[in-house]
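What follows is a single structure, written as structure tokens, with notes after it.
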Amino acid sequence: MDPTETPVRAVRDVGPSTIALDLEPPAGFAARPGQFVKLSLDVGSERRSRFYTLSSPDAADALEVTVEINPDGDLGPHLAELESGATLTMAGPFGNAYYEDEPHTVILAGGPGVGPAVGIAERTLDDGGETAIVYRDGEPAHRERLDALSERGAHVAIVGADEELTPPVERALAGERRDGSEADDRQLFVYGFADFLDAATDAVAAAGGDPDRAKVENFG
Ligand SMILES: Cc1cc2nc3c(=O)[nH]c(=O)nc-3n(C[C@H](O)[C@H](O)[C@H](O)COP(=O)(O)OP(=O)(O)OC[C@H]3O[C@@H](n4cnc5c(N)ncnc54)[C@H](O)[C@@H]3O)c2cc1C
């Protein structure tokens, strides 16, 4: 989709320094959880653009992205100040590390990677599949949605910033199938900034998984 003026429906706090931006999906817009969009906003006379990953389970009726706000960031703090009815410019969707109807998803998320994690996990359960999340963050966001996922049967592990990743990744990869089958049809997803991706791929290898089969999106 070419860059399109897109209204903001709501800006919600979803955790420490973290907001969810609800956007009005433009006519004909289609995207899958895990894909990302480019959001642009005029700040004074300067146009500032950053990429944000879908955190809603689909984008047909409601399109949500989750933004971790650094108070010194060039764009994040301005997104947090937007009010319902404001507009920004959206282009996309982009990316090739997204949910493609896999029946069993395992998502490793660092920091703002929690956005695609909850979106993919919700969509997997909606589609009748099984899902697991390992989320590393010193100040976790989206607690309500993570709790709701847990109640629906998802395996959810929240790991502190300094905690070892390998044990929870091993447990997420080892979870038994609901039907008791041995089939290994798990699709692994990894979302976050580069330092988390390094730690997560090391943990997958140490846990006996194959990081090369993972769908990975690097936030920078
Ligand atoms: C494909 C893609 C998808 C992305 N999806 C999301 C998303 O869903 N949610 C989200 O919050 N962000 C996402 N990002 C990151 C986002 O685009 C911005 O880089 C981020 O929000 C910072 O923008 P800013 O202008 O507020 O801050 P900037 O002025 O650009 O940077 C300030 C701060 O941003 C953070 N930051 C920037 N780079 C890094 C890094 N390498 N490691 C750790 N922290 C860093 C730090 O806190 C840094 O101090 C994505 C990036 C890419 C490339």
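The values are calculated or read from the model by the stated rules, or taken from the named source; none is laboratory data. Just so it is clear, the structure is predicted and the values come from calculations on it, not from any experiment. When we count neighbours, we look across all protein chains shown, and the Cβ atoms used for this are built from the backbone with ideal geometry, even at glycine. Protein only, heavy atoms only, side chains kept; ligands, DNA and RNA dropped before computing areas. Shrake-Rupley method; radii C 1.70, N 1.55, O 1.52, S 1.80 Å.
Results, tabulated for the structure shown:
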quantity	calculated
Tabulated pairs, segment 136-161, first without any contact (Cβ under 8 Å) to a residue 24 or more places away in the chain and within 14 Å of PRO112 (Cα to Cα), second open to solvent by 60 Å² or more (accessible area, probe 1.4 Å) and in a helix (DSSP H, G or I), C-beta under 9 angstrom, 6+ apart or interchain	ILE158/ARG143
Test for GLY192: is it modelled with pLDDT under 95, of a type in the set (Gly, Ala, Ser) and in contact with a helix residue (DSSP H, G or I) (Cβ under 6 Å, 6 or more places away or on another chain)	no
Residues of segment 121-174 that turn out to be under 16 Å from the mean Cα position of the chain (by Cα) and of a type in the set (Lys, Arg), as a count	4
Tally of residues being of a type in the set (Phe, Trp, Tyr), buried (at least 19 other Cβ atoms within 10 Å of the Cβ) and within 13 Å of the ligand (Cβ to nearest atom) across segment 83-99	1
Subset of segment 79-121 (residues that are more than 15 Å from GLU64 (Cα to Cα) and in contact with a Leu (Cβ under 6 Å, 6 or more places away or on another chain))	VAL106
Residue list for segment 15-41, restricted to those being in contact with a Gly (Cβ under 8 Å, 6 or more places away or on another chain) and farther than 17 Å from PRO57 by Cα	LYS38
All strands (runs of 3 or more DSSP E) inside segment 12-59 with 2 or more residues being open to solvent by less than 10 Å² (accessible area, probe 1.4 Å) and in the same structural domain as HIS78 (by TED's automatic domain parsing)	18-23, 36-43
Residue that is nearest to LEU108 (Cα to Cα) [pool: residues in segment 4-55 that are within 18 Å of the chain's Cα centre (by Cα) and of a type in the set (Gly, Ala, Ser)]	GLY34
Enumeration of residues in segment 58-75 that are modelled with pLDDT of 95 or more and either out of contact with any strand residue (DSSP E or B) (no Cβ under 6 Å at 6 or more places or on another chain) or within 11 Å of the ligand (Cβ to nearest atom) (or both)	GLU64, VAL65, THR66, VAL67, GLU68, ILE69, ASN70, PRO71, ASP72, GLY73, ASP74, LEU75
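Each row is one residue, and each column tells you yes or no for (1) under 17 Å from VAL37 (Cβ atoms); (2) assigned to a loop (DSSP other than H, G, I, E, B); (3) modelled with pLDDT of 95 or more; (4) not assigned by TED's automatic domain parsing to the domain that holds THR53.
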position	(1), (2), (3), (4)
LEU82	yes, yes, yes, no
THR89	yes, no, yes, no
LEU108	no, no, yes, yes
PRO112	yes, no, yes, yes
PRO116	yes, no, yes, yes
ILE120	yes, no, yes, yes
